[in-house]
Structures are given as C-alpha cells and as structure tokens.
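Student: If you scroll down you'll find the structure; I have some questions about it.
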C-alpha cells in the first residue's frame, strides 16, 4: 500500500513539473502583445427628459398660450366669438360655458398642457411618452425615425414624431381632429392645425416647451408660445377620473 502511494506521489510531482516547464516555454515563445487600441468615442447620450412635471404659474392663469388674440381668419374669429369660456376676459360661469372639457371631453393637444394636473415623461429607445394625470390621457411621440403615415386618422392628440437637435427634442404633430379649443379662453383649433414643439431641460428642475402653431383655417399666420414646467421628483401620477369630479357634476345640474 505504501509503495502505491509513493508511486502516485512521484507521478504527480513529475506531471506538475512537466506542466510548469511547458507553460514557461509557451510564455517565452508567445509573440509580444501590441498595446491596446483606443476605443472609438461613443455617440452623445440622449438627453433625459423623464420625470414628473407640473406647469409653472404665469401661463395666463393656466388658461391660454397667449394673453393677446393671435391674428385670426374670419372663420377663426367667428369660432372665438361663439365661444363661452370659463376663464379670460370673456369668462362666464361654469353653468354657462360651452367649453367641452367641462363636460369631460378630451382636451386634446395642446389644451392638455394647460390642465392643473402633472404629467410624467417616460423615454424608451423608440418613443417618448407623456402620461397626463388628467383623465389618464396618454400621448406618444415616436423618435425611431418613422414618418407620419399617409393614411393617419385624425385624433385629439394627433400623430407626433420627434428628433433630437442637440439637447432639444423637436416634435412635429399633425392629424389633429379640431374638435376642441386650443385653450381655456376659446381660441379655435381646426383639423388643419400643425404644431411644432421644441422641448428641452433648461436646468435640472425646469422644462421648457416652445410651440409654433400653424393653422391656416383659424389664423392668418403661424404664431408661437411657451410653456414652462417644474420637476417634482417626489410626486407620483395619481388616478383621476373626470366624471368623478364634483365640479362637473354641479355643471351638469
């Protein structure tokens, strides 16, 4: 038994010594490795617009994108004259307004930006999603390079595609159905409305949206507006159902 252990030990030592010699030879014969090459610089990271945002004060009491009436066509002026808004210089009581939002109609784009409720922005590789607390409204902005479909169906929020220009997301929106006002004071929006937004973070806590409205049926020329939002990292989007709002119940009575 002892002889077997001695033989096994000698065999193990011989095998280990042989392996060490072969490894040393392999290292000595291996060609010298070249210095590692530098990695190509990566593309600039996509700006991060995500977070829960709420409109800042100063947007005409959250009623309109402009304190003055934009230059209107006769059709647009007639629509404004027929409007009975709840806010602004021509504001009436809630029981007298014909603002469809007070009957729980979808505000649509861009009226949804003027609601007194926050929105959450979520980014994915192919889209930016705006989740509005107001009545669980959701808007998609596609950033994967697609074009507007030729047969796109008009909707309240329209069809939106975006691309990055530096730190700014440029959003092009078409195919709005024109079924609602542009804001709370009754400025009209027709199905010819075309909106271009430039969305960027001004700083760590501020978001600015610059809008250009082009609606030849309602306005004689394009005009611009600005909306600011404040970041609220400790907020969450809550459930909001329009029909459960007591103000609307009172309005219906």
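Student: Any residue that is assigned to a loop (DSSP other than H, G, I, E, B), at pLDDT 95 or above, more than 30 Å from residue 74 (Cβ to Cβ) and under 16 Å from the mean Cα position of the chain (by Cα) - is there at least one of those in the stretch 214-232? Walk me through it before giving the result.
Tutor: Start the filter on the stretch 214-232 by keeping residues that are assigned to a loop (DSSP other than H, G, I, E, B), which leaves 215-218, 220-222, 232.
Filter once more, so that each one left must be at pLDDT 95 or above: 215-218, 220-222, 232.
Filter again for more than 30 Å from residue 74 (Cβ to Cβ), leaving 232.
Retained after the next criterion (residues that are under 16 Å from the mean Cα position of the chain (by Cα)): 232.
Within the stretch 214-232, one or more residues are assigned to a loop (DSSP other than H, G, I, E, B), at pLDDT 95 or above, more than 30 Å from residue 74 (Cβ to Cβ) and under 16 Å from the mean Cα position of the chain (by Cα).
Student: Inspect all residues belonging to the stretch 148-156 and state whether any of them is within 21 Å of residue 50 (Cβ to Cβ), in contact with a strand residue (DSSP E or B) (Cβ under 6 Å, 6 or more places away or on another chain) and not in a helix (DSSP H, G or I).
Tutor: The first filter runs over the stretch 148-156 and keeps only residues within 21 Å of residue 50 (Cβ to Cβ), leaving none.
Within the stretch 148-156 (the criterion being within 21 Å of residue 50 (Cβ to Cβ), in contact with a strand residue (DSSP E or B) (Cβ under 6 Å, 6 or more places away or on another chain) and not in a helix (DSSP H, G or I)), the answer is no, since none of the residues qualifies.
Student: Pairs under 8 Å by beta carbon, first residue in contact (Cβ under 8 Å) with a residue 60 or more places away in the chain in the stretch 231-242, partner loosely packed, with under 10 Cβ neighbours inside 10 Å, six or more apart or different chains?
Tutor: 231/204
Student: Looking at (1) under 20 Å from residue 225 (Cβ atoms); (2) touching a residue at least 40 places away in the same chain (Cβ under 8 Å); (3) buried (at least 20 other Cβ atoms within 10 Å of the Cβ), which is the only condition residue 130 fails?
Tutor: Residue 130 satisfies every listed condition except (2).
Student: Taking the conditions exactly as written (over 28 Å from the mean Cα position of the chain (by Cα), closer than 26 Å to residue 209 by Cα and modelled with pLDDT under 90), does residue 32 satisfy them or not?
Tutor: Working: over 28 Å from the mean Cα position of the chain (by Cα): yes; closer than 26 Å to residue 209 by Cα: no; modelled with pLDDT under 90: yes.
Criteria not met by residue 32.
Student: Cβ contacts < 7 Å: first residue on the phi > 0 side of the Ramachandran plot and surrounded by 15 or more Cβ atoms within 10 Å (Cβ to Cβ), restricted to the stretch 151-173; second residue at pLDDT 95 or above and in a strand (DSSP E or B), any location; separation 6+ or different chain. Result?
Tutor: Correct list of pairs: 158/173; 158/174; 158/176.
Student: Quick check, is residue 179 assigned to a loop (DSSP other than H, G, I, E, B), closer than 24 Å to residue 78 by Cβ and touching a helix residue (DSSP H, G or I) at 6+ places or on another chain (Cβ under 8 Å)?
Tutor: Considered against the rule, which asks whether it is assigned to a loop (DSSP other than H, G, I, E, B), closer than 24 Å to residue 78 by Cβ and touching a helix residue (DSSP H, G or I) at 6+ places or on another chain (Cβ under 8 Å), residue 179 comes out as yes.
The values are calculated or read from the model by the stated rules, or taken from the named source; none is laboratory data. Just so it is clear, the model here is predicted, and its values are computed rather than measured. All Cβ positions, glycine included, derive from the backbone under ideal geometry; neighbour counts span all protein chains shown.
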